1. Looking at Arg67, Arg30, can you tell me which residue is closer than 16 Å to Val94 by Cα and among the basic types (Lys, Arg)?
2. Does Leu65 count as within 17 Å of Arg127 (Cα to Cα), touching a residue at least 24 places away in the same chain (Cβ under 8 Å) and not aromatic (Phe, Trp, Tyr)?
3. Ala66: out of contact with any helix residue (DSSP H, G or I) (no Cβ under 7 Å at 6 or more places or on another chain), surrounded by fewer than 15 Cβ atoms within 10 Å (Cβ to Cβ), at pLDDT 95 or above and among the aliphatic types (A, V, I, L, M), yes or no?
4. Of these, Arg8, Arg72, Arg39, which one is under 22 Å from Ala92 (Cβ atoms), surrounded by fewer than 13 Cβ atoms within 10 Å (Cβ to Cβ) and without any contact (Cβ under 8 Å) to a residue 60 or more places away in the chain?
5. Could you grab me the full set of residues in segment 48-59 that are under 14 Å from Arg30 (Cα atoms), outside any loop (DSSP other than H, G, I, E, B) and among the hydroxyl-bearing types (Ser, Thr, Tyr)?
Amino acid sequence: MPWVDPSREQFERFKDLPRDTPIHMLNLVRFRDRADYPRDHPNHGKGLSGRDAYREYGRAIAPILARVGARRAWGGALECTVTGPDGEWDEAFVMGYPSAAAFLEMVTDREYRRHVAHRTAAVADSRLIRFAPSD
């Protein structure tokens, strides 16, 4: 079953954890071949790839990430799968947030919500996993 957004129960579990400590969010993403924008979106029918739509999402939310103090803690280009099925993920990266509260501020921000359409259009499947940073 593909996942793009958290279930209500998952989001509630996230919110029940401490909000005042730094967090890392592991992002695993598989892109759609073609972005699937809603008919009323300006990018509908432009033939963008899922990867292109995800890049647009990243560009659009960059100022919001900066405002809440988030930064990319790790990322790399996929070379091969050593353990597990091939082709499961196209991109993997870790975002660092100064606190869970900063993450919640970002995802509830009106401007951020406006740009989520790019992510939704881009992603065929994903995982977003919260970790406590360690040295």
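The values are calculated or read from the model by the stated rules, or taken from the named source; none is laboratory data. None of these values were measured; they are calculated from a predicted model. Note that each Cβ is placed from the backbone with ideal geometry, even for glycine, and that neighbours are counted across all protein chains shown.
1. When all the criteria are applied, what remains is Arg30.
2. The answer is no for Leu65.
3. Against the criterion (out of contact with any helix residue (DSSP H, G or I) (no Cβ under 7 Å at 6 or more places or on another chain), surrounded by fewer than 15 Cβ atoms within 10 Å (Cβ to Cβ), at pLDDT 95 or above and among the aliphatic types (A, V, I, L, M)), Ala66 qualifies.
4. Arg72
5. Tyr54
Conditions tested, residue by residue: (1) within 17 Å of the chain's Cα centre (by Cα); (2) in a helix (DSSP H, G or I).
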{"position": "Glu12", "(1), (2)": "no, yes"}
{"position": "Met25", "(1), (2)": "yes, no"}
{"position": "Leu28", "(1), (2)": "yes, no"}
{"position": "Ala35", "(1), (2)": "yes, no"}
{"position": "His41", "(1), (2)": "no, no"}
{"position": "Lys46", "(1), (2)": "no, no"}
{"position": "Ile61", "(1), (2)": "yes, yes"}
{"position": "Leu65", "(1), (2)": "yes, yes"}
{"position": "Ala73", "(1), (2)": "yes, no"}
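Rundown of residues vs (1) among the hydroxyl-bearing types (Ser, Thr, Tyr); (2) within 13 Å of the chain's Cα centre (by Cα); (3) not in a loop (DSSP other than H, G, I, E, B), yes/no style:
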site	(1), (2), (3)
Ala102	no, no, yes
Tyr112	yes, yes, yes
Leu128	no, yes, yes
Asp135	no, no, no
